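This report refers to the structure that appears directly beneath it.
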Amino acid sequence: MVSHAKAWHRGKLWGELTEGEGNIVAARAGVIAHEIIRTGRSAETGQTDDHSLLRDVLAAEPRLRGVIVTRDSTVSALAELRQHGVRAARFSHRSGPGTNFAGSASFADLLGMKKVLADAGMHAELWTDCKALPGIAAELRHFPFPIVIDHMGGFDYEAGTGDEGFHVLLSLLEAGHVWVKLCAYRNTLHAPSIDLAKPFHDQMLAANAAQLVWGSDWPHLNVKPAPDTARLLHTFKEWTPEALVPAILVDNPERLYN
């Protein structure tokens, strides 16, 4: 499974993880097969991170896999990072003003890096939503490496599963053009119950369970109070047929993150 932890520049958050909080979360939630550590351009200065923190983290714990934020790079630089455990780069293409954070790499950056990422053996993670997806769906069908859609495509629980953007996501998933990271709670923060996400979860399982991974989104930045990560995993298991649980938690991420 994917813990989706972040390691921000200057070690601000990693300091908490090295004190053992990450291991506590892992123990409570179960065995974590792969954890994603993100680092990249500083949101405060805009300067590019040299990924030294990420290298230290990955060297200290071989089971971890890294995802970087970069707007441009070379095949040799990415290939070298891959040897240290980095497997992907993350990009943002969200609808609405101010939703793409300072320092984010854009979808245009992803298009520009398509060949470099492919040659380096990387995949891409894309933070987007069902309002923005229809506008880029045609391009997502032609990537030579996996595209992982974060947060279940930012579905709108009020719009329901009949929403056009959600159907675009399902069609991309069903055809094998994208992977999806299951993380239901992020889309129901203002809903009366997380159970409103279950129909979306069910349709993704039916579309293509072989290209789904589960993510806790720990440490739940900007969410107060933070959800119980172990409870989120329990909810996933309650919603998912028993035969698919090991595939989504272990087999699929092993294929994706190698």
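The values are calculated or read from the model by the stated rules, or taken from the named source; none is laboratory data. Keep in mind the model is a prediction, meaning the values are calculated, not measured. Here the Cβ is made from the backbone with ideal geometry for all residues, glycine too, and neighbour counts use every protein chain on show.
A few remarks follow.
- Number of the exception - residue 235 against (1) part of a helix (DSSP H, G or I); (2) at positive phi: (2)
- Residue count for the range 114-125 under the criterion of being outside any strand (DSSP E or B) and touching a strand residue (DSSP E or B) at 6+ places or on another chain (Cβ under 7 Å): the result is 2.
- Inter-residue pairs, beta-carbon under 8 Å, first in contact (Cβ under 8 Å) with a residue 12 or more places away in the chain and part of a strand (DSSP E or B) and in the range 91-112, second loosely packed, with under 13 Cβ neighbours inside 10 Å and of a type outside the set (A, V, I, L, M), 6+ apart: 92/101
- Cβ-Cβ under 7 Å pairs, at least 6 apart or on other chains, the range 115-139 side on the phi > 0 side of the Ramachandran plot, far side among the charged types (D, E, K, R): 121/82
- Members of the range 190-225 found to be surrounded by 15 or more Cβ atoms within 10 Å (Cβ to Cβ) and among the small types (Gly, Ala, Ser), listed by number: 197, 207, 209, 215, 216
- The range 60-85, residues that are in a strand (DSSP E or B), among the aliphatic types (A, V, I, L, M) and touching a Leu at 6+ places or on another chain (Cβ under 7 Å): 68
- Residue 155, sole failed condition from (1) modelled with pLDDT of 95 or more; (2) touching a Ser or Thr at 6+ places or on another chain (Cβ under 7 Å); (3) buried (at least 18 other Cβ atoms within 10 Å of the Cβ): (2)
- The residue of the range 79-114 that is nearest to residue 215 (Cα to Cα), among those that are of a type in the set (A, V, I, L, M) and surrounded by fewer than 21 Cβ atoms within 10 Å (Cβ to Cβ), is 102.
- For residue 100: the one exception among (1) under 30 Å from residue 163 (Cα atoms); (2) modelled with pLDDT of 95 or more: (2)
- Of the residues 225, 253, 219, 246, the single one that is part of a loop (DSSP other than H, G, I, E, B) and at pLDDT 90 or above is 225.
- Restricting the range 138-167 to residues that are within 18 Å of the chain's Cα centre (by Cα) and assigned to a helix (DSSP H, G or I), the residue that is farthest from residue 196 (Cα to Cα): 140
- Set 133, 126: member being buried (at least 21 other Cβ atoms within 10 Å of the Cβ), under 25 Å from residue 54 (Cα atoms), touching a His at 6+ places or on another chain (Cβ under 9 Å) and not charged (D, E, K, R): 126
- Among the residues of the range 45-61, just one is of a type in the set (D, E, K, R), modelled with pLDDT of 65 or more and surrounded by 17 or more Cβ atoms within 10 Å (Cβ to Cβ), namely 55.
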